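Chemist: Got a structure for you, questions after.
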Amino acid sequence: MEKRVTFRGWLLPLLLIAPQVVISAVFFFYPAGQAIWQSLFIPDPFGLSSQYVGLGNFEFLLGDKFYRASFVTTAVFSILVTLCSMIPALFLAVIADRLIKGSGVYRTMLIWPYAVAPAIAGVLWLFMFNTRVGVVSWYLGQLGYDWNHVLNGGEAMGLVVVASAWGRISYNFLFFFAALQAVPRSVIEAAAIDGARFWRRFWTIVLPLLSPTTFFLLVVNVVYSFFETFGVIHTITAGGPQQSTTVLVYKVFSDGFVGQDLGSSSAQSVILLIVVGALTIIQFKFIEKRVHY
Amino acid sequence: MVGEVHGMVEKRGSGLWLTHVMMIAGVLVIFFPIWLAFVASTVTQPEIVRPPMPLWPGDQLVENYSKALFSGVNVPVSTMLFNSLVMAIGIAVGKIIISLLSAFAIVYFKFPGKMLFFWMIFLTLMLPVEVRIVPTYEVVAGFGMLNSYGGLIMPLIASATATFLFRQFFLTIPDELAEAARVDGAKPMQFFWDIVVPMSRTNVAALFVILFIYGWNQYLWPLLITTDPEMNTIVMGIKQMFPSGDDVADWPVIMATSILAMIPPVIVVVSMQRLFIRGLVDSEK
């Protein structure tokens, strides 16, 4: 889309666009290019020279069982975070939508967790489930369940999933609630006159009308669990135990900064870049559809 | 008739009561972690390390918060709060300014290389900082910007979401306004300041809310580039407050810090709820 009316001159617009172009070039394109370039080399241990290995880093990664395990971990983690944040959010939104009065108050209370940083959410949940002082783990102990996410990989995964999903419930709630409010009352009332009960109306009318929102939230939440949950994992488990919570982004960090394996870390960045690209395309495809919806 | 239908669609009496109970239960569950952090920030260390800790606030609020704010663990929390504030406002304001300017150039001018720049900016949408951390770190280190506000802020404003939002908005400004400005002999920048910027007020405010939270909640980037505790932001600094060995963490001070870390973004979100929701919907479209 273009404006019919434009101003003349080319020096001014170039000056206007310059700050963004310079910042993008220096802090985005150059580093992204570096990531691609470095992914083709293996630096020696002293960082003095590096050897060109072509796609060697990628071949190594795809054959590496830890890297493949990290892919599976990421998939499990993202699916669980998406489900654990969308289902409670939809439930709360449906209840809030039934209230004529007071839903504003509940909404104000429910958006709090969105403002809490993932890393802080990690600290809060770590505190509740801490093996020594945690309230929840203590009560679980009283019930005869020995909670220990420091040793048990499954429990560690459960904890990072819940801590990551918690703040997203607020976000998803806002979108579901807005979508529910937009469902025409007349349609619901017509179904009610025909004798459809609440749950039947929900399954046959409301849920299908919510499907654009639901699909949108699916994509957005997967992107979130891929890239924005680093803080949760770093504060709660640091990727452990035995790499059971090492998601792809965490591995880029731990191999690059802790392990100093720059070639592999860069190759992982490039693979993630492809994943993000694919997710972005899905998102845009969908948004185009939604415009015509 | 209408009344009867309403009766079927919207619950009244016992049904309404039940709905409120379910809603309150949901809110309590969602709120519990925050409540527990608040309680922990008002009691003594011995009360926490001998579980179960109390579920009702104690009387140590002033002591714990002043200890956190003025001495902290590695660095006073007040210093970290200030750093976070600078970073969050820097990112929000910086991104809004460069985006307003570049969107104005893209929408209201025809110039050589326009499409190239447009696509260049568009590409930055696709790559979060988490994916390019190692080389970005090297660039910032090369400029000597480790442990500086510039290093904290600049790499995070290199993304195009705001530019796209403003571009979409500028396209909806009626052409007649630009036409009239041109006929009156107004310079492009006059048109920008007198018409475009005032019209974008609401979008700017909504975006500010979203970007403030985005900046405040950053974790990985400050973790990498602030090695000096004096430059830590509160969200990343809280992890540094945990002891590395077998020592017991100073829970009341850490939990007081976690409450302090969430107060500014919560105030922004709750007090500007309408703008926040609008910003959220806009920036995801």
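Values in this text are rule-based calculations from the coordinates and carry no lab data. Note that the structure is a prediction, hence the values are computed from the model and not measured. Cβ sites come from the backbone with ideal geometry, for glycine too, and all protein chains shown count toward neighbours.
Chemist: To the nearest µm²/s, what D does Stokes-Einstein give for the protein assembly as shown at 20 °C and 1.002 mPa s, using the Kirkwood radius over alpha carbon pairs as Rh?
Modeler: The estimated diffusion coefficient comes to 83 µm²/s.
Chemist: In debye, nearest 20: dipole of segment A:66-292 around its Cα centre with unit charges on the Cβ of K, R (+) and D, E (-)?
Modeler: Value, rounded to 20: 660 debye.
Chemist: Provide A:233, A:42 in ascending order of the number of other Cβ atoms located within 10 Å of each residue's Cβ, fewest first.
Modeler: Exposure proxy ranking, most exposed first: A:42, A:233.
Chemist: Something else now. Looking only at Cα atoms, what is the convex hull volume of chain A per residue, in Å³?
Modeler: 222 Å³
Chemist: Moving to a separate point now. Which whole-Hz ³J(HN,Hα) couplings does segment A:31-42 yield from phi under the Karplus relation 6.51 cos²θ - 1.76 cosθ + 1.60, θ = phi - 60°, glycine and proline marked x?
Modeler: Those phi angles translate into x, 5, x, 4, 4, 5, 4, 5, 5, 9, 10, 10 Hz.
Chemist: Measure nothing fancy, just the Cα-based angle from helix B:251-271's long axis to the longest principal axis of chain B, in degrees from 0 to 90, nearest 10.
Modeler: The helix B:251-271 is inclined about 40 degrees to chain B.
Chemist: Arrange the following residues from fewest to most other Cβ atoms within 10 Å of their Cβ: B:172, A:229, A:245.
Modeler: B:172, A:245, A:229
Chemist: Further question: Normalized C-alpha radius of gyration of chain B, against 2.2 N^0.38 Å?
Modeler: My calculation over the Cα atoms of chain B gives 1.30.
Chemist: Could you rank the peptides A:69-77, B:142-150 by their average count of other C-beta atoms within 10 Å per residue, with the highest value first?
Modeler: With the highest mean Cβ count within 10 Å placed first, the list reads A:69-77, B:142-150.
Chemist: In addition: Pairs to check: A:3/B:187; A:251/B:67; B:95/B:187; A:3/A:285. Give those whose C-alpha atoms are more than 29 Å from each other in this structure.
Modeler: Exceeds cut-off: A:251/B:67.
Chemist: Under a Cβ-only charge scheme (Lys and Arg +1, Asp and Glu -1), can you give me the dipole magnitude of the protein assembly as shown about the Cα centre, in debye to the nearest 20?
Modeler: Dipole magnitude for the protein assembly as shown comes out near 1620 debye.
Chemist: Further, regarding this structure: Which loop trypsin sites (Lys or Arg not before Pro) in segment A:111-200, with loop taken from DSSP, have no more than 10 other Cβ atoms within 10 angstrom of their Cβ?
Modeler: A:197
Chemist: Taking the number of other C-beta atoms within 10 Å as the exposure measure, put A:44, B:194 in order starting with the fewest.
Modeler: A:44, B:194
Chemist: Whole-Hz ³J(HN,Hα) for each residue in segment A:126-139, computed from phi via Karplus 6.51 cos²θ - 1.76 cosθ + 1.60 with θ = phi - 60°, x for glycine and proline: what do you get?
Modeler: 4, 4, 5, 10, 3, 5, 9, 10, x, 5, 5, 5, 5, 5
Chemist: How much mean residue ellipticity at 222 nm does chain B get from its helices, if each DSSP H run of length 4 or more adds -39500 (n - 2.57) and you divide by all residues, to the nearest 500 deg cm²/dmol?
Modeler: Only helices count here, giving -21500 deg cm²/dmol.
Chemist: Would you mind pulling out the separation of the Cα centroids of segment A:50-73 and segment A:10-26, in Å?
Modeler: 38 Å
Chemist: If I model a spin label at residue A:79 and residue B:22 as a point 7 Å from the Cα along the Cα→Cβ vector, what separation in nanometres do I get?
Modeler: If labels sit at residue A:79 and residue B:22, their model points lie 2.8 nm apart.
Chemist: Okay, next question. Just checking the output field for B:85-94: average partner chain Cβ neighbours within 10 Å of each residue's Cβ?
Modeler: 0
Chemist: Next up: Stretched out fully, how many nm does the piece from residue B:62 to residue B:171 gain, at 0.36 nm a residue minus the Cα gap?
Modeler: Value of the extension gain: 34.0 nm.
Chemist: Report, as an integer, the average count of C-beta atoms from other chains found within 10 Å of each Cβ along A:166-176.
Modeler: 2
Chemist: Right, here's the next one. Could you work out the mean count of beta carbons from other protein chains within 10 Å of each residue's beta carbon in B:147-158?
Modeler: Counting Cβ atoms of other protein chains within 10 Å of each residue's Cβ and averaging gives 2.
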